[in-house]
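First up is the structure itself, then whatever we jot down about it.
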Amino acid sequence: MHFSLHLSPQSKDPADDAEIIETLVETALRAERHGVASIGLTEHHLAGYNTYVDPFMLGAHLAGRLTTAHISVTVAQVALEHPVRLVEKCNLLDVLTRGRLLVALAAGSASPVELEAFGAGKVDRAVVTEERIEAMMKIWAREDGDPPLDVSTSVDRGVVAARVGPASYRLPRPLVARATRTPATIAHLGRQGIPVVNGQWLTKDGDNRDLLGLYADALFAGDFDEQTVADCLAWHGFGLTIVIAPTQRAAEERWARFLEVGGEGPQPGRLGGAAVWEKEWTHREVARSAGALVGSPQRIVEEIGLIREQGARHVRIIPAIPAGAAEDRDEIYDLIFEEVMSHVDPEPLADPVHVRRATVAG
């Protein structure tokens, strides 16, 4: 099993932004040293939801410093980006990481604050996302000498009449996944041989183990080459939001404080006003709480063992860190690296160099 560490630090105070991003970079390097196979970066905009905002820019910086770990963009908000621009960003980061990249495409945040900033507040995000992903796939499939390609969607206009550069490191495109929680979509992606980034392992009703077999059965029913199957299975797993402390009681106290202070990011009444934030932020944190595992390192290790037994190959560890609590953050990462990773036998992801060579040779 391989592990991703999901890094999405929030900031309440703009004066803290630079320090938070610097700490994040050091955490990513430390994670690699402790066997974490992928650094998970997300995309959020405005008011401290996600301090670094752009996973492609931060990923480019990390690409020059990481030596073995992959970058996983989970997720890129397709509803906010023109398809040509997003293809360019995916390709460039794929080159900078030498193929150690997975980009999960999705409609992204339902935050009205984010959507309105990009003029997407009244857009049907699901429809636009599908249209843009279809356009992206056509761009990646286009070859020199082909006629101009219309990549227009219901909200975009564009014609690609020349090669989009740079070419990705993996050919013909970077490793692109889809993020979803819907069983029918998960099975559909398996039948297409596309990696899937599932939602949370835990819900208020239990775990999501049934989704593992659903995807695997669909994947193995297809006629895919060994590399496609290997890529799909390598990322086959779930996110696991954890609230970790040295003891079970301390973890429960930390979780209570997490909810009391408003989770990780901007509190209602700050950076936008209570009328804008309160309902949205409360909904977000309540949703997260339904899928959180609260416990000691031993409890976290036991749950990871259960996920492994069910056939998952990948776990995205998502730490829940109370806002404005640097001491909590430091202890949480110490416990993850020293007390969890050391007991779960983390595996590296395969070196993707042979993928390019085989494709070029073919």
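The values are calculated or read from the model by the stated rules, or taken from the named source; none is laboratory data. None of these values were measured; they are calculated from a predicted model. Neighbour counts are summed over all protein chains in view; Cβ atoms, including those assigned to glycine, are modelled from backbone coordinates with ideal geometry.
For region 101-123, filtering for residues that are outside any strand (DSSP E or B) and in contact (Cβ under 8 Å) with a residue 24 or more places away in the chain leaves 12. Against the conditions (1) of a type outside the set (Lys, Arg); (2) modelled with pLDDT under 95; (3) under 22 Å from Gly222 (Cβ atoms), Asp205 satisfies every one except (3). With respect to the conditions (1) over 21 Å from the mean Cα position of the chain (by Cα); (2) charged (D, E, K, R); (3) part of a loop (DSSP other than H, G, I, E, B); (4) closer than 30 Å to Arg308 by Cα, Asp217 lacks only one, and its number is (3). For the criterion of being within 24 Å of Ile318 (Cβ to Cβ), surrounded by 19 or more Cβ atoms within 10 Å (Cβ to Cβ) and either modelled with pLDDT of 95 or more or not basic (Lys, Arg) (or both), Ala69 passes.
Under the condition of being modelled with pLDDT of 90 or more and surrounded by fewer than 19 Cβ atoms within 10 Å (Cβ to Cβ), the residues counted in region 96-120 number 3. Could you please let me know if Arg254 is crowded, with 16+ Cβ neighbours inside 10 Å, in contact with a Phe, Trp or Tyr (Cβ under 8 Å, 6 or more places away or on another chain) and modelled with pLDDT of 80 or more? Taking the combined requirement at face value, the residue does not satisfy it.
Inside region 2-18, residues that are buried (at least 18 other Cβ atoms within 10 Å of the Cβ) and of a type in the set (A, V, I, L, M, F, W, C) make up a count of 3.
When we screen Pro147, Pro166 for residues that are touching an Asp or Glu at 6+ places or on another chain (Cβ under 9 Å) and surrounded by fewer than 16 Cβ atoms within 10 Å (Cβ to Cβ), the only hit is Pro166. Just to be sure, is Ala76 touching a residue at least 24 places away in the same chain (Cβ under 8 Å) and in contact with a helix residue (DSSP H, G or I) (Cβ under 7 Å, 6 or more places away or on another chain)? Yes, satisfied. Could we say that Arg157 is part of a loop (DSSP other than H, G, I, E, B), of a type in the set (Lys, Arg) and in contact with an Asp or Glu (Cβ under 8 Å, 6 or more places away or on another chain) here? Criteria not met by Arg157.
If you go through region 91-98 one residue at a time, do you hit one that is of a type in the set (Lys, Arg) and either free of Cβ contacts under 8 Å to residues at least 12 places away in the same chain or within 19 Å of Pro319 (Cβ to Cβ) (or both)? No: zero hits. Would you check if Arg33 is more than 26 Å from Ala325 (Cα to Cα) and either in contact (Cβ under 8 Å) with a residue 24 or more places away in the chain or not small (Gly, Ala, Ser) (or both)? No: the conditions fail for Arg33.
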